[in-house]
Amino acid sequence: MKLQRKRFSSRALALLLAMLVLFSGALTAVASEDDASDEAALERAEVVTRFNTAVNRLKTDKPKFYFSSERGALVPKKQDGILGLIGDIISGIGGLVGGMTGNGSIKEIDEILGYLLVSSPEETEYLNLTKGENNKDVLPVKGQDYVSALTPDDEFTYEYKPYSFGGFEIKITLPDTFNPAEDSAFARLFDLPAIEDLYGKFYKITPDIDWSKVQVKYTNISLTCLVNQQEELVSYKTHYEASLAITNSANVDLSTIQFPESMFLGEVQIKNIDWTPRKLGDGDGDGYVYASDARMCLRISAKLVEVAEKDFPYYDVDKDGKITAADARLILRAAANLEALE
């Protein structure tokens, strides 16, 4: 009897110890999951901070850079000459309206919105921004002090690639977006075009459009920045594609609409960024102090030409609030390495 009791007690003790071990392991696993979650959240927040800091310097520090913007309708691929192209366009229209009406007949297209034809060429803009130039109305987001106002709470995915030389690359990808609002993540990263403007990229024969019934779907939304080991932005690229649909009602379940494939492209590229400070005497902002800067300074002092507000401080080298022949003389001496401007 005593032997059985001892055996029972030993088994109970062993079972109790086993339960304690399992319970302890479960607590450790939960703690590990919590730690991993916290670490992921911190990493996401850090990525957002690095991304915003890198690209927002474009507006705060106003460096010199090359800027290109591509915005325009995407014309379908050419198949069998012009007939194939027209066929592609009509096919695209049929798919667009077919998602709203149940089929894509030309008659129903005409009944709902008239004929919708893809407009021709893309619009491409190339600019070289000089140092110190006000670029709020050139860079996304226009008119704001920031280029990016991304937050960790926004819905997005990211790829973070550190490089052995100390720099890194971040690619932010947003999910497909329908009619984004002004306070949306999309609008805090891109210029938000008016639907009327976007629709204006397409030629239409429909006399009257109820803009509340126009639905816009943005896809392939991405932003990529490359930063060097000095934590200076090397390049920045944004991209999105959009397609349009016109519905019978403004309050429609967007998931029920069959949008066509991308019909509009919006892309911005910024590169050749020069972060070196603009020197006194560098009136034209080309990064150097030359005799040509002194010559222009002299012409400004003689009221032969007007000076842009952004360039004024670089011609006023003696900092007396005026541009005079004395400034031109100092710039000429600096160009000949006879004097240093500070």
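Summary table below
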item: Single residue of the stretch 145-182 satisfying the filter (of a type in the set (A, V, I, L, M) and surrounded by 12 or more Cβ atoms within 10 Å (Cβ to Cβ)) that is farthest from Val227 (Cα to Cα); result: Leu174
item: Subset tally (residues that are hydroxyl-bearing (Ser, Thr, Tyr), at pLDDT below 95 and over 17 Å from Ala245 (Cβ atoms)) for the stretch 161-183; result: 2
item: Scan of the stretch 210-229 for residues that are part of a loop (DSSP other than H, G, I, E, B) and under 30 Å from Leu58 (Cβ atoms), ordered by number; result: Asn228, Gln229
item: Cross-chain or 6+ apart pairs with Cβ under 6 Å, the stretch 262-280 first and in contact (Cβ under 8 Å) with a residue 40 or more places away in the chain, then of a type in the set (Val, Ile, Thr); result: Val268/Thr238; Lys279/Val289; Leu280/Val317
item: Residue list for the stretch 129-175, filter: within 19 Å of Thr219 (Cβ to Cβ), in a strand (DSSP E or B) and not hydroxyl-bearing (Ser, Thr, Tyr); result: Glu159, Lys171, Ile172, Leu174
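The values are calculated or read from the model by the stated rules, or taken from the named source; none is laboratory data. What you see is a predicted model; the values in this text were computed from it and never measured. Here Cβ is always computed from backbone atoms with ideal geometry, including for glycine, and neighbour counts include all displayed protein chains.
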